[in-house]
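Participant: Here it is: the structure, laid out below.
The values are calculated or read from the model by the stated rules, or taken from the named source; none is laboratory data. Bear in mind the structure is a predicted one, so any value in this text is a computation, not a measurement. Glycine also receives a Cβ, built like all others from the backbone with ideal geometry; neighbour counts cover every protein chain displayed. Calculation scope for accessible area: heavy atoms of the full protein, side chains included, ligands and nucleic acids excluded. Shrake-Rupley method; radii C 1.70, N 1.55, O 1.52, S 1.80 Å.
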Amino acid sequence: MRAYQIYAGLGAGNIGDEFMARAFWESLPAEVSLDVPLAPEAAGQHEPYPPQHRYLRVDLDGGETAQGPVPGLLVGATPVTAYEGLDWPLRFLASRLLQFHRAKRPVDAVGVGVDHLDDAEAQRIFREAFAPIRSWTVRSAHCVQALRTLGVPESRIRLGADWAWLYRKRHDLRRWAAAVWRRCGIDAGRPLLVSNVVNMLWRDHTPARHALAAALRKASQEFGLQLA
């Protein structure tokens, strides 16, 4: 049984995308084999990709497509969002999805994120290219509500979870991690506060960044924490 995993950024270096994809592949029945387009940066991966799938070089101009009458899968990532503009991921994916729709080949979305679309053009792109997707399994109740707002019938939506929760590490990386911290000047014997402050909602909201920086500084001073 073959299917085509539509390119949504896999291999470009996003750790979350890698975790989601690997957990998804481990959950597939053994008889399923995928065609998987990857970004050129995937060559830098240290952990091999599963051998039962066929890996393709993504054509950023949209030239790559499924060979033969196979279904499409949109897996992980957040394919429905306009926080980074309309070109990525909406327009990028729209051209690929339309190839499947025109060929009357089904597409299913599995474990994806869906944001609310307020922009009229974003909504138009969704109606044309994303609305025909046969089924949606999404990561959160927020995603379910976003799809309802966009007019997707309830019967085609299922609430699931983020694939990354099922990722299983295969190696003990504690020594490697400790070496990374040492190179960054961190003392492993002192308390360390690690914060990932990336959030697309804050990209143009300077007061939020200032408030977070002030809170981290205060925590460091009051409790003697190293910050990373």
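Participant: Once the whole set of protein chains is in place, how much accessible area is left on residue 58, using a 1.4 Å probe, in Å² to the nearest 10?
Facilitator: 10
Participant: Please work out the Kirkwood hydrodynamic radius for the stretch 41-156, using every pair of different C-alpha atoms, and report it in angstroms with one decimal place.
Facilitator: This gives a value of 15.2 Å.
Participant: If you roll a 1.4 Å probe over the chain with all protein chains in place, what percent of the accessible area is carbon or sulfur?
Facilitator: Within the chain, the accessible surface is 56 percent carbon and sulfur.
Participant: May I ask for the angle, rounded to the nearest 10°, between helix 15-27 and the longest principal axis of the chain, with both axes built from Cα atoms and the value confined to 0 to 90°?
Facilitator: Between helix and principal axis, roughly 50 degrees.
Participant: On a 0 to 90° scale, report how tilted helix 206-223 is relative to the longest principal axis of the chain, with both axes built from alpha carbons and the result rounded to the nearest 10.
Facilitator: For helix 206-223, the angle is close to 40 degrees.
Participant: Can I ask one more? Accessible surface of residue 218 in the full protein assembly, 1.4 angstrom probe, to the nearest 10 Å²?
Facilitator: The accessible area of residue 218 comes to roughly 120 Å².
Participant: Once the Cα atoms of helix 92-102 and of the chain are each reduced to a long axis, what angle between those two axes, in degrees from 0 to 90 to the nearest 10, is obtained?
Facilitator: Approximately 20 degrees, to the nearest 10.
Participant: In deg cm²/dmol and to the nearest 500, what is the mean residue ellipticity at 222 nm of the chain if only DSSP H runs of at least 4 residues count, each as -39500 (n - 2.57), divided by the residue total?
Facilitator: So the helix-based figure for the chain works out to -9000 deg cm²/dmol.
Participant: With a cut-off of at most 13 other beta carbons within 10 Å, and DSSP calling the residue loop, which GluC sites (Glu not before Pro) in the stretch 1-68 qualify? Please list them.
Facilitator: 31
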